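See structure below.
Here, each number is a calculation from the coordinates, and none is a lab measurement. For clarity, every value in this text was computed on a predicted model and none was experimentally measured. Positions of Cβ are generated from backbone atoms using ideal geometry, with glycine treated the same way; all protein chains shown enter the neighbour counts.
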Amino acid sequence: MLPMAVLEALRESVDKASDSAFGENKRAVLFGTVDSQDAAGQIDRFVARTLATRITEVLFLKMASACAAGLKLSDGRSVFLKIHAGELDLDQLHAVHDAQGFLRERGIPAARLVLPATEFGNGKFATVHAFRSRGDRARAYHRGTIEGAAAMLARIVEGGRAFPLRSSIPDMFAAGTSPLKARAPGIAEPPPLPPAERASAVLEKVKLHGQAISGDRVIAHDDYASRNLRFSDGEVSSVFDFEALRGGVEPVLVGRASIQFINEPSGVRDPAAAAVKFVRAYENSARRMFEGEAAAALDAGVALSVAQFCRSLVRSDGARDEDAPKIFANFMERFRATLGREYPKNPFI
């Protein structure tokens, strides 16, 4: 049995992570209950049953498309526990973990799998990785952050070229299928969000045209939000969110990664200029420049991320739906102007 103080900290973390209009729904889907004390007990029992140890400290706990927790254990280890809502099936999870191991074998920082997908309860599975807590947390406006992240992405892409791509790795443009988007039985309908039809229409149009992009598919990491990066001894790696590992066309992946830094209030004064700096740093590290079809694909990757960003803006309180297309158009115009070279114009931008 966990000490009361640790169990209470775990319960408070569950409460805080799901303290929103959708919080009860997340708990109900993941744990089969809205009772945060019950949810904390389920996490405690899973760790004891599968790792033969106990939790001594909760480093963090978040709920988005799954429940993610950083935990210190009584045997001295620090681990990352992820309870999957069902956004990936077992074959997909195994494929992602195989890709991580493939990269680790080639000296690229990637999480070490401690426990493969194991039944958690309530029809859900959980995985455990070694927690990469080493390194300094950086922001996009910190010196060297963009260059370091771009160089690491180039290493991941190059190292992952030989990985045997499988259809089970989620496609770059696949629609989100997180069960957390559906309302759990017995949970009241949350308050309606501000209208986002126009922003969603922009995103769907970009995704539709993006599916036609051809080129060699590679393994890369899709989540380069600076809040998820750590820097140490010239290396940079993602702390968590391992299902962001993707197979896709290289310039599209780079385009998406180039603006991930703006997904938080990081203090970047000119996000378009930061995106251009990321692209240039990537090209320098990869020792090749995107031209022709590859340049158009890069534009599509940037456009997809900007469209997602615009949609998230109009879904936040106080944002105006009509602002989304303006933000989208202004960013893409600034991106091309700052890049300083001619890009083929895409008909859907």
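Residue separation of Asn122 and Asp216 scaled by 0.36 nm, minus their Cα-Cα distance, works out to 29.9 nm of gained length. Note on the chain: with a GNM built from Cα contacts shorter than 10 Å, the maximum mean-square fluctuation among Glu283, Glu189, Glu291 falls on Glu189. Dividing the Cα radius of gyration of the range 90-137 by its Kirkwood radius returns 1.04 for Rg/Rh. Dividing the helix sum by the residues of the chain, where each DSSP H run of 4 or more adds -39500 (n - 2.57), gives a mean residue ellipticity at 222 nm of -14000 deg cm²/dmol. The label point for Phe60 and the one for Arg137, both projected 7 Å from the Cα toward the Cβ, are 0.6 nm apart. Here the calculated FRET efficiency for Glu291 and Lys16, from their Cβ-Cβ distance with R0 = 45 Å, stands at 0.40, rounded to the nearest 0.05.
Between the residues Val6, Gln37, Ala201, the greatest Cα displacement towards the positive end of the dipole of the chain, with unit charges on the Cβ of Lys, Arg, Asp and Glu, is found for Val6.
Among the lysines of the chain, pairs that are 8 or more positions apart or on different chains and have alpha carbons within less than 15 Å of each other number 9. Residues whose amide H falls under 5 Å from that of Phe60, counting only those 5 or more places apart or on a different chain, are Gly70, with hydrogens built in the peptide plane. Note on the range 249-308: Kirkwood radius taken over Cα pairs, Stokes-Einstein applied at 20 °C and 1.002 mPa s, translational D equal to 186 µm² s⁻¹. For the range 4-130, the relative contact order is 19 percent, taking Cα pairs closer than 8 Å that sit 6 or more residues apart in sequence and dividing their mean separation by the residue count.
Relative to the current alpha-carbon distance between Thr53 and Ala5, full extension at 0.36 nm per residue lengthens the span by 15.6 nm. Modelled this way, with points 7 Å down the Cα-to-C-beta line, the labels at Arg269 and Glu333 are 2.1 nm from one another.
The label-point distance for Ser312 and Glu189, in a model that sets each label 7 Å from Cα toward Cβ, rounds to 2.7 nm. Relative contact order of the chain: 16 percent, from C-alpha pairs under 8 Å at least 6 residues apart in sequence. Taking Cα atoms only, the orientation of helix 145-160 departs from the longest principal axis of the chain by about 80 degrees.
A Förster radius of 22 Å, combined with the Cβ-Cβ distance separating Lys181 from Glu204, puts the computed FRET efficiency at roughly 0.90. Counting Cα-Cα pairs of the range 4-130 in 5 Å increments starting at 0 gives whole-percent bin shares of 2, 11, 21, 23, 20, 14, 6, 3, 0. For the range 66-121, the relative contact order works out to 24 percent when only alpha carbon pairs closer than 8 Å and six or more residues apart are counted.
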